[in-house]
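Q: Below are the structure tokens for one structure; questions will follow.
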Amino acid sequence: MKTILILSKLIKNLELMADFLQKQGYNTIKASSYEDLDKILIDPYFDIAFIDIAGYDNNIWDYCEKLRLLNKPFYILSSCNNPKINEESLTRGAKGVIVKPIVIKEFLAIIKSLAR
């Protein structure tokens, strides 16, 4: 069973996404702060990560770089389609940017393609 890391400062969104993914048969690891993420990255036993950048400062890109260096596939979740966010995300190693609200069918297809 694949394990998915979810990072979001929006606790309600974090819980909703974790519940949804667990119902789909995935394990989840939740983080809502840089401190949580630091602890997880000490022993990164997840397969895929989804990083919701809402509410985070520019330090989020350093964490994306860490994920890239760990060879962990990840997607950025953003509330808007912004060329600067897209460029920064891809430069830091993201597989892509998912604009919220998330389309469930597409979201599951992404997870399945990364979980192979």
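Each value in this text was obtained by applying a stated rule to the coordinates, not by laboratory testing. Model, not experiment: these values are computed from the prediction. Here the Cβ is made from the backbone with ideal geometry for all residues, glycine too, and neighbour counts use every protein chain on show.
Q: Over 22 Å apart: what share of the alpha carbon pairs of segment 3-114 falls there, rounded to a whole percent? Please list the in-between numbers first.
A: On the way: 1442 of 6216 pairs.
The proportion of pairs with Cα distances above 22 Å equals 23 percent.
Q: Counting Lys and Arg as +1 and Asp and Glu as -1, each charge on the Cβ, what is the dipole of the chain about the Cα centre in debye, to the nearest 20?
A: Here the chain has a charge dipole of around 460 debye.
Q: Then there's this: Among 80, 64, which comes first, then next, by fewest other beta-carbon atoms within 10 Å?
A: On the way: 80 9, 64 21.
Fewest to most other Cβ atoms nearby, the residues stand as 80, 64.
Q: Follow-up. Just tell me which lysines come within less than 22 Å, Cα to Cα, of residue 95; anything on the same chain fewer than 8 places away is out.
A: Output for residue 95: 2, 9, 30, 66, 72, 84, 105, 112.
Q: Can you give the extra length, in nm with one decimal, that the chain gains between residue 39 and residue 12 once fully stretched, where that is 0.36 nm per residue apart less the Cα-Cα distance?
A: Answer, rounded to one decimal: 7.6 nm.
Q: Roughly speaking, what is the centre-to-centre gap between segment 81-116 and segment 40-59 when only Cα atoms are used, to the nearest Å?
A: Taking the Cα centre of each part, segment 81-116 and segment 40-59 sit 14 Å apart.
Q: Also, I was wondering about something else. Quick check for me: using +1 on Lys/Arg Cβ and -1 on Asp/Glu Cβ, what's the dipole size of segment 76-116 about its Cα centre, in debye to the nearest 20? Walk me through the numbers before you get to the answer.
A: On the way: 7 positive and 3 negative charges, 36 e Å.
Magnitude of the dipole: close to 180 debye.
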